[in-house]
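Worksheet: the structure to be examined is printed underneath.
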Amino acid sequence: MKSKMDLGTAAYDQVEEINEINQPLLQQLNTGTHDQAEIRERISKITNETIDETTEIRLPFWSDFGRNLHIGKHVFINSHSMFTDLGGIFIGDHVLIGPNVTIASVNHRIEPAERRHLELQSVYIHENAWLGANVTVTPGVTIGENAIVAAGAVVTNDVPANTIVGGVPAKFIKGINSNYKEQQPSQ
């Protein structure tokens, strides 16, 4: 579902207030040396949600907002990933995100006079999905459980569970026969 955010409104001003807090936190995070506990603690402040101790995030890590980024357990996020999360990004448990991945939940309007106004569409990445290096996920996309997105793909449509997609734009490559639930270690 799309929602809109107009420049110059109270909602837009509230986003700017949060950005004044979060952007310096991101810059501090990305310019120092931190162990995983410190990284999780700082990203927890940025997202306003506790990042589980089973999640590993490599630096640098980027977000345009932070408060609409939701990260599950046992997640691995490689370095140089960008989360444009104003519209909401939901990352399930056991997700793998390769280096240089961009996930965007925000788009600008087509009409030239309204170009600086925003359209927001949440992105959902379900349990045990794997996004290869340099993947781009566009607003409104859902990536199904156990799905694999091949390196360099641009995902513009939903990816069904248990499939592999790749290319620009990403297209179906093949299905995955998976017993993932039975293979997970106990928590």
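Only the coordinates and a few stated rules stand behind these numbers; no lab work does. On a predicted model such as this, the values are computed, not experimentally measured, just so you know. Note that we place each Cβ from the backbone using ideal geometry, even for glycine, and neighbour counts take in every protein chain shown.
For the options ARG109, ARG40, ARG58, a Gaussian network treatment of the chain with springs between C-alpha atoms closer than 10 Å singles out ARG109 as fluctuating the most.
Distance between the C-alpha centers of segment 91-153 and segment 1-69? Whole Å please. Measuring centre to centre over Cα atoms gives 17 Å. Name the residue, out of HIS108, HIS126, HIS74, whose mean-square fluctuation peaks in a Gaussian network model built on the chain with Cα pairs under 10 Å. In the Gaussian network model the winner is HIS108.
Pairs of Cα atoms nearer than 8 Å and 6+ residues apart set the relative contact order; for segment 3-175 it is 14 percent. When only the Cβ of Lys, Arg, Asp and Glu is charged (+1, +1, -1, -1), the dipole of segment 3-175 relative to its Cα centre reaches about 540 debye. Give the residue list of GluC sites (Glu not before Pro) in segment 1-56 that are DSSP loop and have at most 13 other beta-carbon atoms within 10 angstrom. Sites meeting the loop and neighbour criteria: GLU53. Here is how the number arises for the chain: DSSP H runs of 4 or more residues each give -39500 (n - 2.57), the sum is divided by the residue count, and the result at 222 nm is -6500 deg cm²/dmol.
Using a cut-off of under 11 Å, list every residue of segment 81-112 whose amide N is near the label point 7 Å from the Cα of ASN30 along the Cα-to-beta-carbon line. Backbone N within reach: 81-83. DSSP bridge analysis restricted to the chain gives an antiparallel fraction near 25%, rounded to the nearest 5. If the Kirkwood radius is taken over C-alpha pairs of segment 1-131, then at 20 °C and 1.002 mPa s the Stokes-Einstein diffusion coefficient equals 141 µm²/s. Most mobile of LEU29, LEU131, LEU96 per a Gaussian network model of the chain (Cα springs, under 10 Å)? Largest GNM mean-square fluctuation: LEU29.
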